[in-house]
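Visitor: The structure is given below, and queries will be raised subsequently.
The values are calculated or read from the model by the stated rules, or taken from the named source; none is laboratory data. Everything numeric here is computed off the predicted structure, so don't read it as measured data. Positions of Cβ are generated from backbone atoms using ideal geometry, with glycine treated the same way; all protein chains shown enter the neighbour counts.
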Amino acid sequence: MRRCSQNRENAALITINAKKFVLAMGGIENSRLLLWLAKLYGNTLFDDFTPIGKYWMEHPHFTLGRAIVDRAMSDNNFYSLTAEAQINRQIFNCGFRLETQRFEGTKKIIRELMCVAPALGERMASLANKKLVCAVTFKAAWEQAPEISNQVSLSEARDRFGIPRVNLLWKKNELDRRTIVESVDAFNKLIMGNNLGRIQLDAWMLDDGEYPLNDELAGYHHMGGTRMSISSKYGVVDKNCKVFGSDNLYVAGSSIFTTGGHNNPTLPIVQFSLRLKDHLLSLM
Ligand SMILES: Cc1cc2nc3c(=O)[nH]c(=O)nc-3n(C[C@H](O)[C@H](O)[C@H](O)COP(=O)(O)OP(=O)(O)OC[C@H]3O[C@@H](n4cnc5c(N)ncnc54)[C@H](O)[C@@H]3O)c2cc1C
């Protein structure tokens, strides 16, 4: 790649000369600039037949309900599936957060439990009085299946520099739903099997209803769009984060993720960036 300039009536023309360029503009902007460069320069700077902008991912975040759990569980309050459980159930990963409620919340759930399971309710009430169990809000953030139709694309609208803004198509598919349903089942079996508590799910989880619109929805974790692959058919950057078909254009950030895991993305972003730094230094 030789030029990184913008020829607009009202904008100054700036030419930047460098041996290597690294795009590190965030999980939407990396795709946006590549899509824009592909539109401006066709297939000349890099391979523009790669899935630029595609396989975009987030971490769905929702409150699933409430639970009464053993005090020790609520103190250690983050749980995720083992690799084995994910493989056995053919799902992606999921993390559960147990957020401890005030004591009034515990009493309310125990009252409700007493209506449906009086003996268990009595037992939980007695444990709660000894501070051995407590109520938690039961939340999850999970891994989304990489789906080609989830994508960043260029919009007709332009910003003040004349660069197209973006459209973002982000949906959750059947596998995303199965991941949360199966993960809850696994977690439920864990706490029921070990007599560690009881979960009370919200109606949309029980009835396979629509995802609630008044909840967290996602985690501000913008991933994919310039995913890494061994093949330009399935990815935009190679194993060294170099854009396929380019001599010297690299991408850093979570847009290179091929899958998203269920956890915060910034530490792997830093790890990949350090790896890219080592690679670039090795070329000098
Ligand atoms: C509210 C919130 C909470 C979050 N909490 C967490 C958390 O707890 N843990 C976690 O791991 N992650 C969290 N994230 C996500 C985290 O912020 C991102 O994963 C991380 O910042 C991505 O790093 P990045 O360097 O790839 O992109 P960014 O941090 O987005 O940096 C991109 C930079 O490029 C600049 N830029 C963009 N376009 C241009 C351009 N055309 N020219 C020049 N510069 C440009 C931007 O101004 C920005 O400074 C959170 C995000 C938000 C919004």
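Visitor: Please specify each residue of region 260-280 satisfying the condition of being within 27 Å of L81 (Cα to Cα) and crowded, with 16+ Cβ neighbours inside 10 Å.
Guide: G260, G261, H262, N263, P265, P268, I269, F272
Visitor: While we're here: Which pairs have Cβ atoms under 6 Å, sit 6 or more apart or on different chains, and link a residue in region 205-232 that is away from the ligand (no atom under 14 Å from the Cβ) to one that is of a type in the set (D, E, K, R)?
Guide: That search, which allows pairs on different chains as well, returns S232/D47.
Visitor: Can you pull out the residues in region 159-197 that are among the aromatic types (F, W, Y) and within 16 Å of the ligand (Cβ to nearest atom)?
Guide: Within region 159-197, F161, W170 qualify.
Visitor: Being buried (at least 18 other Cβ atoms within 10 Å of the Cβ) and farther than 21 Å from V152 by Cβ, is that true of even one residue in region 211-222?
Guide: So far as region 211-222 goes, no, none of its residues is buried (at least 18 other Cβ atoms within 10 Å of the Cβ) and farther than 21 Å from V152 by Cβ.
Visitor: List every residue pair whose Cβ atoms lie under 6 Å apart, where the two residues are 6 or more positions apart in sequence or sit on different chains, the first residue falls within region 147-165 and is free of Cβ contacts under 8 Å to residues at least 24 places away in the same chain, and the second residue, located anywhere, is part of a strand (DSSP E or B) and of a type in the set (K, R).
Guide: Taking only residues 6 or more apart or on different chains, the pairs are S155/R165; A157/R165; D159/R165.
Visitor: Turning to a different aspect of this structure: So is F244 hydrophobic (A, V, I, L, M, F, W, C), within 21 Å of L34 (Cα to Cα), in the same structural domain as N30 (by TED's automatic domain parsing) and more than 16 Å from the ligand (Cβ to nearest atom) or not?
Guide: Against the criterion (hydrophobic (A, V, I, L, M, F, W, C), within 21 Å of L34 (Cα to Cα), in the same structural domain as N30 (by TED's automatic domain parsing) and more than 16 Å from the ligand (Cβ to nearest atom)), F244 qualifies.
Visitor: Here is a further query. Can you name every residue in region 146-172 that is within 20 Å of G219 (Cβ to Cβ) and either in contact with a strand residue (DSSP E or B) (Cβ under 7 Å, 6 or more places away or on another chain) or surrounded by 13 or more Cβ atoms within 10 Å (Cβ to Cβ) (or both)?
Guide: P146, E147, N150, Q151, V152, V166, L168, L169, W170, K172
Visitor: Any idea how many residues of region 9-33 are in contact with a strand residue (DSSP E or B) (Cβ under 7 Å, 6 or more places away or on another chain) and either of a type outside the set (S, T, Y) or more than 21 Å from G260 (Cβ to Cβ) (or both)?
Guide: 9
Visitor: For region 41-55, enumerate the residues that are modelled with pLDDT of 95 or more, out of contact with any helix residue (DSSP H, G or I) (no Cβ under 8 Å at 6 or more places or on another chain) and either within 17 Å of E156 (Cα to Cα) or not in a loop (DSSP other than H, G, I, E, B) (or both).
Guide: K54, Y55 - these are the residues of region 41-55 that are modelled with pLDDT of 95 or more, out of contact with any helix residue (DSSP H, G or I) (no Cβ under 8 Å at 6 or more places or on another chain) and either within 17 Å of E156 (Cα to Cα) or not in a loop (DSSP other than H, G, I, E, B) (or both).
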